[in-house]
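Chemist: Starting off with a structure, shown below.
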Amino acid sequence: MLKKSAIENILAAALESGADFAEIYAERTKRSSIAMVNGKVETALGGMDYGAGVRLFFGNQAIYGFTNDLSEESLIRIAREGAAALRGDRIYDICGWKRMAERCINPIRILPESVSKQRKAEQLRLATAAARAYHDAVTQTRAGYLEVMKHVLVANSEGIWGEENRTRSRFTIEAVASSATEKQSGHLGPGGSEGYELFDRINVEDTAREAARIAVTMLGAKPCPAGKIPVVIDNGFGGVIFHEACGHGLEATAVARNASVFAGRLGQQIASPLVTALDDGTIPNGWGSAEMDDEGTPTAKNILIENGILRSYLVDRLNSRRMHTAITGSSRRQDYRFAPTSRMTNTFIANGKSTPEEIIANTEFGLYAKQMGGGSVDPATGSFNFAVLEGYMIRNGRIAEPVRGATLIGKGAEVLRDIDMVGNNLKRAQGMCGSKSGSIPTDVGQPMIRVSSMTVGGRG
C-alpha cells in the first residue's frame, strides 16, 4: 500500500517541527452488501475506499490530518501542515522498525469475494421464506448481508510497524408482525470476523424463525406495568446495558477527562462481588477481534472488573500519556478519517454459578427481559434508558405472560451494585458502537443476570 521509504520520509517530515511522536495509518477497504425486502433484492452495493491519516503528538496534545491521496507528496504535505500547528525544535527521530508478530486470531476459511452474489442472495431468500411461513401475522421482512475486507497498515516514529487483513461478515433479519391496530418487530444480526463460513456456523432459517417468533409474541402481549421491581436480563444482547452504561465509562476517552463516574476508582469495589467483566480483543473470529488495534498495539484480554473490584481501564496511546497508565491495545477507529481513541472490542460479563432455571425460580415477582432493544446513555453519569424488545412477567418463580412497551431506566453504577445473581450461560451478540472515533463493530455479552431492584417504565 505504501513503500517503506515513503513512510520513513512522511514520519521524518512530521517530526521536523518538534513533535515527539508521529504515526501514519493507511487502509484499503472493500465493502459489499445485499438488502432484500419481502423476498426481493432492494439493493446490491459494492465499493472500494482507501486513504491515510497522519497523527502527531506534542506532549499531551495531538494533531491529526487525513487524505485519500496516498501519494508520498500528499502525505508529506499533511504531515508538515500538522507539524506547523505547534512549532518547535526537532529533537526526536525515527527508531528502527519492529514488526508485529502475526497471531492469526481470525482465520478465514472462505473468502467472501469468492462466493457469487446469487448464492448470497439465496441465503436471504431462505431466511425470508422461513420468517413468512412462521405465522400469518408476519407481514414484512427485511434480510441483509454485509461483508467487509480491510487491509490496514500502522507505522510510527517509535518503530512500530503493523499490517493486518481484516474480514468481517454479518447476516441480519427483521420480521414485522401486524394486526389491525398494532405492529411489532423482531430482529437478529449474527456476524463475526470471519468469511462466508459464517453460513456454516449459523442457520439462516432458524434465525429468521426466531425473529418472527419475537414479533408475533409481542404482537399479542399486554402493556408492561411500571414500577421498581427485580429484573432478570437474559444472556447475549442483554450485555448492551453493561456496554453502554458501564463500558463507555471505563474507556480512557472519558476517564482521562474525569468525565466518568469510574474515574480515580481503580482498586475500589464498584460492583457486586458476583460481577467479573472483561474486554477481550483476542477471541477467535469475534466480531470485535483483531490481531492489533488501530495504533499497532497487539490486542489483549483485559480484566476490567474482578469480583466487583475495578482492575483496569481501556487505554489508548494518547490517553496513556495523560493518565500515566499502560496502553491496553484498545485503540480503534471507524476508518482513516478518524483519529483513534480507546474503545471496546468484545466486552462481556463472565459466567457465574447460577443456572437460568435457578434465577427464574428464585424470583417471586419481576420482569424477564429476554431480548433488549436500543436506548440512550449519558456517559458522564451512566444514566440510561433501554427498550425491552421481548419481555415477560415473572410470577411465583415462573415465566408468565408476555408484556410489551417496557423500558429499563437507571444508572450503570447502581445496576452493577444491585446484581445479585449471575448465570452460567454466557453468550455474545453483535452490534455497532458509535463514539468519538466513529462507528465500529463490537460484541456485547453476558450470562443471564438478575438486578434486585430496577425502575421499569411501562404503559400498564
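Chemist: Taking Leu266 as meeting all but one of (1) under 22 Å from the mean Cα position of the chain (by Cα); (2) more than 30 Å from Thr363 (Cα to Cα), write down the number of the exception.
Modeler: With (1) under 22 Å from the mean Cα position of the chain (by Cα); (2) more than 30 Å from Thr363 (Cα to Cα) applied to Leu266, the lone miss is (1).
Chemist: Among the residues of region 135-163, count how many are touching a strand residue (DSSP E or B) at 6+ places or on another chain (Cβ under 9 Å) and surrounded by fewer than 22 Cβ atoms within 10 Å (Cβ to Cβ).
Modeler: Going through region 135-163 one residue at a time, the tally reaches 17.
Chemist: Next question. Do you know which of the residues in region 98-134 that are polar (S, T, N, Q) and open to solvent by less than 70 Å² (accessible area, probe 1.4 Å) is farthest from Glu182 (Cα to Cα)?
Modeler: For region 98-134, the residue satisfying everything is Asn106.
Chemist: Taking Glu295 as the residue in question, decide whether it is closer than 27 Å to Thr167 by Cα, among the charged types (D, E, K, R), open to solvent by 30 Å² or more (accessible area, probe 1.4 Å) and outside any strand (DSSP E or B).
Modeler: Judged against the criteria, Glu295 is not a match.
Chemist: Considering only residues that are open to solvent by 10 Å² or more (accessible area, probe 1.4 Å) and in contact (Cβ under 8 Å) with a residue 40 or more places away in the chain, which ones fall in region 273-286?
Modeler: Leu274, Thr276, Leu278, Asp280, Thr282, Ile283, Pro284, Asn285
Chemist: Having 3 or more residues that are open to solvent by 30 Å² or more (accessible area, probe 1.4 Å) and touching a residue at least 12 places away in the same chain (Cβ under 8 Å) is the bar; report the strands (runs of 3 or more DSSP E) wholly within region 349-460 that clear it.
Modeler: 365-378, 383-395, 398-404, 407-411, 427-435, 449-457
Chemist: Restricting region 164-191 to residues that are of a type in the set (A, V, I, L, M) and assigned to a strand (DSSP E or B), which is most open to solvent (accessible area, probe 1.4 Å)?
Modeler: Within region 164-191, the match that is most open to solvent (accessible area, probe 1.4 Å) is Leu188.
Chemist: Please go through region 118-155 and give me each residue that is in a helix (DSSP H, G or I), of a type in the set (D, E, K, R) and without any contact (Cβ under 8 Å) to a residue 24 or more places away in the chain, ordered by number.
Modeler: Those that are in a helix (DSSP H, G or I), of a type in the set (D, E, K, R) and without any contact (Cβ under 8 Å) to a residue 24 or more places away in the chain: Arg119, Glu122.
Chemist: Can I ask one more? Just checking, how many residues over region 219-243 are open to solvent by less than 20 Å² (accessible area, probe 1.4 Å) and within 22 Å of Ile449 (Cα to Cα)?
Modeler: 12
Chemist: Restricting attention to region 331-389, and to residues there that are at pLDDT below 95 and among the β-branched types (Val, Ile, Thr), which single residue is nearest to His243 (Cα to Cα)?
Modeler: Once the filter is applied, the top-ranked residue is Val377.
Chemist: Looking only at region 317-332, count every residue that is open to solvent by 10 Å² or more (accessible area, probe 1.4 Å), touching a residue at least 60 places away in the same chain (Cβ under 8 Å) and not in a helix (DSSP H, G or I) and tell me the total.
Modeler: Final tally of qualifying residues: 2.
Chemist: Can you give me the number of residues within region 244-261 that are over 13 Å from Ser435 (Cα atoms) and open to solvent by 20 Å² or more (accessible area, probe 1.4 Å)?
Modeler: Of the residues in that region, 5 qualify.
Chemist: Determine which single condition Leu124 fails, assuming it passes every other condition in (1) farther than 27 Å from Pro284 by Cβ; (2) more than 22 Å from the chain's Cα centre (by Cα).
Modeler: (1)
Chemist: Follow-up question, since we're still on this one. Residue by residue through region 228-268, note down the ones that are in a loop (DSSP other than H, G, I, E, B) and of a type in the set (S, T, N, Q).
Modeler: Asn235, Asn258, Ser260, Gln268, listed by residue number.
The values are calculated or read from the model by the stated rules, or taken from the named source; none is laboratory data. Worth saying up front: this structure is predicted, and the values here are computed from it rather than measured. Cβ atoms come from the backbone with ideal geometry, glycine included; neighbour counts cover every protein chain shown. Calculation scope for accessible area: heavy atoms of the full protein, side chains included, ligands and nucleic acids excluded. Shrake-Rupley method; radii C 1.70, N 1.55, O 1.52, S 1.80 Å.
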